[in-house]
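I have placed the structure first, in the form of structure tokens, so that the comments after it can refer back to it.
The values are calculated or read from the model by the stated rules, or taken from the named source; none is laboratory data. Keep in mind that this is a model prediction, so the values were computed, not measured. We place every Cβ from the backbone using ideal geometry, glycine too, and count neighbours over all the protein chains shown. Surface accessibility is based on the protein's heavy atoms, side chains included, excluding ligands, DNA and RNA. Shrake-Rupley method; radii C 1.70, N 1.55, O 1.52, S 1.80 Å.
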Amino acid sequence: ASPRCLGAQIVTEDKVICMPKFTGYLFALDKATGRRLWRTPILRGHEILGVHGNNVVVVSANAVYAVDLETGKLRWGRSIVPQYADGFQLPRSQMIGSSIYCGTKNTLYRFDATSGALQESRNWAMPGQVPMTFLVSGSDLYVISDLPMRDETFEKQLVDYHTVVFPAGKHREHARPVERKDGSTLIWRECMLMCVKDGKLLWSRFVSN
């Protein structure tokens, strides 16, 4: 089971398709009565992308599946990358027409929604940055990274996050604040590194592990 957001439920002419958190199953419910028509195990499911043809397309941990809309039987499944060799999987995927877009921290992949075959891939080409999510819109590709600013002065204020994380040992979320010589304080909370001085937030930066 996965705590991730699992995407919108799919409503067809006679069915509601959903994948509740922590169940490990994809469900089809009768639209009129709410009765369960079928359920299919999708362990560590992340997101329902939509319906292509007669299949429901689902993304899970390092995998993409197509499930028959009428029977719940698995039509095809494939790994996004072999054994996570390409880095962590981005939390959002996207289906446009017959194309499924999935990303890792290094590469964007496009799969065929009919067969699951890999159509193409490309590197992000973002030196010094790590993509966190993406959106394909028409012929444009939008990416949000962990370092969106390009201001040299601002960047010089940042410190390596291990100066905050490692002194606290294993429990990163309980990392103790770090007092700096200029009177500011570095605080680590919920994957966010913040710099506070005189009660004011000077800057903050999302830090991914």
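Just a few scattered comments:
- Per residue, the range 72-141 exposes 53 Å² of accessible surface when a 1.4 Å probe is rolled over the protein heavy atoms with every protein chain present.
- Gain upon complete extension [Ser204, Leu135; 0.36 nm per residue less C-alpha separation]: 22.5 nm
- Solvent-accessible area assigned to carbon and sulfur over the range 1-140 amounts to 50 percent, based on a 1.4 Å probe.
- Taking 7 Å steps out from each Cα toward its Cβ at Arg36 and Val16 produces label points 1.5 nm apart.
- Filter on Lys105/Lys197; Lys73/Lys105; Lys31/Lys73 - keep pairs with C-alpha separation over 23 Å: Lys105/Lys197; Lys73/Lys105
- Debye log10 I(q)/I(0) for the range 54-123, one point scatterer per Cα, at q = 0.11, 0.13, 0.20, 0.23 Å⁻¹: -0.24, -0.33, -0.76, -0.98
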